[in-house]
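> Take this structure, written in structure tokens, and hold onto it; I'll ask about it next.
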Amino acid sequence: MSQLRVFTFFPAFGLPTGGPFALKLLKWLDIGGIDYEQVIENDSGKGPNKKNPWVELDGERIPDSEIIIDRLTHVYGFDIDAGLEPSELGRLHAFRRMIEEHLHMVFEWEMFVHPNGRPFVVEVARSMAPRPLAGMAATMVCRQLGKQLHARGIARHDDNVIARKGIADVVAIEVALGDKAYLAGERPSLTDVSAYGMMQPMARWPMSTPVADYIKSRPLLCDWLNRIENLTSEKSEAA
Ligand SMILES: N[C@@H](CCC(=O)N[C@@H](CS)C(=O)NCC(=O)O)C(=O)O
């Protein structure tokens, strides 16, 4: 039996981690009934790609939730998307890229740049470090993330444009979901799990930010995210 350690950011908003890619990975592992040890590590610089999450699989360090899931699919023989038609897989892949490459920027902007997000960052820093240090650390993190988002282009827009762009992603997901249980119908796909990782922290965080507020105002979206949250493996249900 392989030994798997999963390095994630701290728990937040009643979730096992506030990191969207780590939350996606943990949920995928739970659905697959794969045993792991969660290790809280808030310094993403310690990871092989200097990004969170990463895993140690029998001592080998592997970065990036997509690469990790791909690898673990082979190691554990659990493929959440097995049997889906290629055209469906293509559609789901496009949604996943939108969530992880675009909606993620808006997530970061709302948490680290939006005036209502920043106090949360300060509060988290205060729970981890003494006051003067915490204030400096929070300012540094927010500044660094702001610079990254500016380099990627999104933070060059007005606040209301960024909000509109993020809400447009969420609306596209909402339309694709319709009245189905999951994006591909009756069974969860990797894209449902990816969306859960990105959107459930927003649905749960106490701060009022535009895209998070939109998600919170949509009961069908919240029901879907909670449905994914409650998914466990058939193995653990039988135990
Ligand atoms: N494609 C990566 C994305 C990982 C990622 O962007 N992680 C963010 C946190 S959500 C991070 O570590 N940010 C810290 C930094 O950039 O310094 C994955 O799927 O794991």
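> Between I40 and S87, what FRET efficiency follows from the Cβ-Cβ distance if R0 is 45 Å, with the result rounded to 0.05?
Rounded to the nearest 0.05, the efficiency is 0.65.
> Okay, next question. Sequence gap at least 6, Cα distance under 8 Å: using those rules, report the relative contact order of the chain to the nearest whole percent.
For the chain, the relative contact order is 24 percent.
> Can I ask one more? From the C-alpha gyration tensor of the range 40-140, pull out the three semi-axes of the equivalent ellipsoid (sqrt of 5λ each), sorted largest to smallest, in whole Å.
Semi-axes (√(5λ), whole Å): 34, 20, 9.
> Just to check, using Stokes-Einstein with a Kirkwood Rh over alpha carbon pairs, what's the diffusion coefficient of the range 86-229 at 37 °C and 0.692 mPa s in µm²/s?
The calculation lands on 205 µm²/s.
> Nearest 20 debye, what's the magnitude of the dipole of the chain about its Cα centre given +1 on Lys and Arg Cβ and -1 on Asp and Glu Cβ?
1020
> All other residues with a Cβ under 13 Å from the Cβ of A155 taken together, and with Lys, Arg as +1 and Asp, Glu as -1, what is their net charge?
Counting the neighbours of A155, the net charge comes to +1.
> Pulled fully out, how much extra length does the chain show between N116 and F13, if you take 0.36 nm times their separation in residues and subtract their Cα-Cα distance?
Length gained, N116 through F13: 35.5 nm.
> Report, for the chain, the % of DSSP beta bridges that are antiparallel, rounded to 5.
Counting only bridges with both partners in the chain, antiparallel ones make up about 70 percent.
> Subtracting the Cα-Cα distance from 0.36 nm times the residue separation, let me have the gained length for A168 to S208 in nm, one decimal.
Between A168 and S208, full extension yields an extra 12.6 nm.
> Which FRET efficiency value, to the nearest 0.05, is calculated for T232 and R156 with the Förster distance at 41 angstrom and r the Cβ-Cβ distance?
Given R0 = 41 Å and the Cβ-Cβ separation, E is 0.45.
> Number of Lys-Lys pairs in the chain under 26 Å by Cα, sequence gap 8 or more or different chains?
Going through the chain pair by pair, I get 23.
Read-outs: derived from the displayed coordinates by stated rules, not from any lab. Everything numeric in this text was worked out from a predicted model, so none of it was measured. Neighbour counts run over all protein chains shown; Cβ positions are idealised from the backbone, glycine included.
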